[in-house]
Structure formats: structure tokens, C-alpha cells
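**Q** Encoded as C-alpha cells, here's the structure I'll be asking about.
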Amino acid sequence: SPEFVNNQFIFILKIFFNSVDAKENGLEGYLAFKEKYLNNERYDLIISDINMPILDGMEMLEKIREMDTQVPVIFITARHESDILLRAIELQISDFIIKPLSIDTISTIINKASEKLFLINTLLKKNTELELYLKTIEQMAFIIKMDMDLNITYINDIFSNSIDCETSNIIGQNFDFLKSKLS
């Protein structure tokens with residue numbers, strides 16, 4: 001029965017994820033996504049059947065993509081029609097699980113999607129750390145950038161304040177201008 005398959009599938013998903021939300025139809029799935037989105041929360045991954053009542057998987061994904069173009073989505077389908085698959089690709093589908101479901105296939109596809117998600121989250125975390133480091137350096141060190149002709153393209157506030165000169169008066173000047181200010 002579909003309910004038995006659904007419960008088995010949810011059990012398998014709980015092996016991979018701390019939290020699993022299961023919805024009965026595409027509208028419920030979309031509304032759950034929208035509620036989280038409006039509360040600045042996110043789903044890490046959406047796994048949806050294409051054939052669902054009220055809103056099918058494709059219609060649900062179209063509505064989700066209006067809010068979020070990044071969340072990975074995996075479709076479960078028995079369909080092989082090229083127009084449906086092409087539309088799913090246009091909506092940036094991450095992968096497909098073709099019915100009948102097999103644990104090996106599910107594991108492989110979820111691992112692939114999770115690995116990509118992990119790498120994206122790691123990159124975002126490293127970028128945040130880098131921005132913090134740069135902000136700290138910006139507040140503690142003199143920073144100046146020049147082009148190949150030694151024209152000043154950037155100078156930070158701490159540097160311009162130390163030579164008692166407005167940043168806008170320094171940008172575009174040759175380095176010789178700055179040397180005269182420092183002497």
C-alpha cells in the first residue's frame with residue numbers, strides 16, 4: 001500500500017536526517033516550505049513524488065523556486081516523458097529517483113545531494129569567517145591598494161585618518177602623493 005511505502009521511505013530518510021517532515025500532497029509541502037521560509041528557516045533537502053494530489057510535484061517546485069532557487073530537490077518518479085524531465089531540469093532539480101524505489105539508489109542519491117549541501121554550507125561558513133577576519137584586519141592595520149601604475153585604488157579609514165586626509169582625496173592619486181603626506 002502507498003502508506004506502507006511512505007512509512008518505509010520516511011524510516012529510511014530518518015537514517016540520513018535528524019528531522020524529516022512528511023506531507024500528504026504538494027499543497028501541504030509548499031505551505032510547509034513557505035512557513036519555514038517566512039520564518040528564515042530552511043529545509044536542507046526536498047524529496048517529492050511528481051504525482052501528488054492537489055499540487056503535483058512540478059507545480060509545488062515551481063512555487064518553491066519563486067522563493068528559493070538553491071534548495072536541493074529530488075523527484076521520485078515512474079515517468080520517463082522528456083517534457084516533464086526537461087521542465088524539472090529547468091527548475092534546477094538535483095536528481096531523480098526512478099520507481100521502483102531501492103535502498104541503494106536512495107542512499108546514493110541522498111549522499112550525493114547531502115555532500116553538495118555540506119560543501120555549500122562549509123563554503124558559506126568559511127566565507128563568514130573570512131569576512132570577520134578581514135573586518136578585524138581592516139580595523140587594526142593600514143591597508144592600501146594600488147594598480148600597476150602605482151595609482152591608489154583603495155585606502156582604509158584607519159590609514160587616511162592617520163595622515164589626516166580624506167579617503168576621497170587620496171583615491172586616484174599616485175603613490176608619490178602619499179609619500180609626500182607621510183614625510
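The values are calculated or read from the model by the stated rules, or taken from the named source; none is laboratory data. What you are looking at is a predicted structure, and each value in this text was computed from that prediction instead of being measured. Backbone-built Cβ (ideal geometry, glycine too); neighbour counts: all protein chains shown. For accessibility, only protein heavy atoms count, side chains too; no ligands or nucleic acids. Shrake-Rupley method; radii C 1.70, N 1.55, O 1.52, S 1.80 Å.
**Q** Rolling a 1.4 angstrom probe over the protein heavy atoms, how many square angstrom per residue are accessible across the chain?
**A** 68
**Q** Putting +1 on Lys and Arg Cβ atoms and -1 on Asp and Glu Cβ atoms, find which of Ile74, Asn25, Leu134 reaches farthest to the positive end of the dipole of the chain.
**A** Farthest towards the positive end: Leu134.
**Q** So what's the angle, to the nearest 10 degrees on a 0 to 90 scale, between helix 26-38 and the longest Cα principal axis of the chain?
**A** Relative to the chain, helix 26-38 is tipped by roughly 20 degrees.
**Q** Still on this structure, please answer the following. Using the structure shown, select from Lys14/Lys126; Lys23/Lys126; Lys36/Lys116; Lys63/Lys126 the pairs with a Cα to Cα distance greater than 25 angstrom.
**A** Beyond 25 Å between Cα atoms: Lys14/Lys126; Lys23/Lys126; Lys63/Lys126.
**Q** Now for a separate question. Can you sort Leu85, Leu178, Leu124 by solvent-accessible area, 1.4 Å probe, largest first?
**A** Leu124, Leu85, Leu178
**Q** Tell me whether the chain comes out rounded, prolate or oblate; compute the Cα gyration tensor, take square roots of the eigenvalues as a ≥ b ≥ c, and use a/c under 1.5 as the rounded threshold. Show your work: numbers first, answer last.
**A** Values: a/c = 3.51, a/b = 3.18, b/c = 1.10.
Verdict is prolate for the chain.
**Q** Related question: Within the accessible area of region 6-151, what % is carbon and sulfur when the probe is 1.4 Å and the other protein chains stay in place? Before the final figure, lay out each step's value.
**A** Values: 5500 of 9900 Å².
In region 6-151, the share of accessible area belonging to carbon and sulfur is 56 percent.
**Q** May I pose another question? Could you tell me the calculated FRET efficiency between Leu86 and Asn51, based on Cβ-Cβ distance and R0 = 22 angstrom, to the nearest 0.05?
**A** 0.80
**Q** Within region 60-77, name every residue whose backbone N is under 14 Å away from a label modeled 7 Å from Cα of Thr105 along the Cβ vector.
**A** Backbone N within reach: 75-77.
**Q** Report the charge-dipole magnitude of the chain in Debye, nearest 20, computed about the Cα centre from +1 at each Lys and Arg Cβ and -1 at each Asp and Glu Cβ.
**A** Here the size comes out at about 380 debye.
**Q** Residues in region 118-134, backbone N under 17 Å from the label point at Gln70 (7 Å along the Cα-to-beta-carbon vector): list them, ranges by number please.
**A** Label zone hits: 118-132.
**Q** Another question, if that's okay. Ignoring everything except DSSP H segments at least 4 long, calculate the 222 nm mean residue ellipticity for the chain; use -39,500 (n - 2.57) per segment, divide by total residues, nearest 500.
**A** -18000 deg cm²/dmol
**Q** Here's another thing I want to ask about it. How big is region 38-77 along each principal axis, measuring the range of its Cα positions in Å and listing the largest first?
**A** Largest to smallest, the principal-axis extents are 28, 17, 14 Å.
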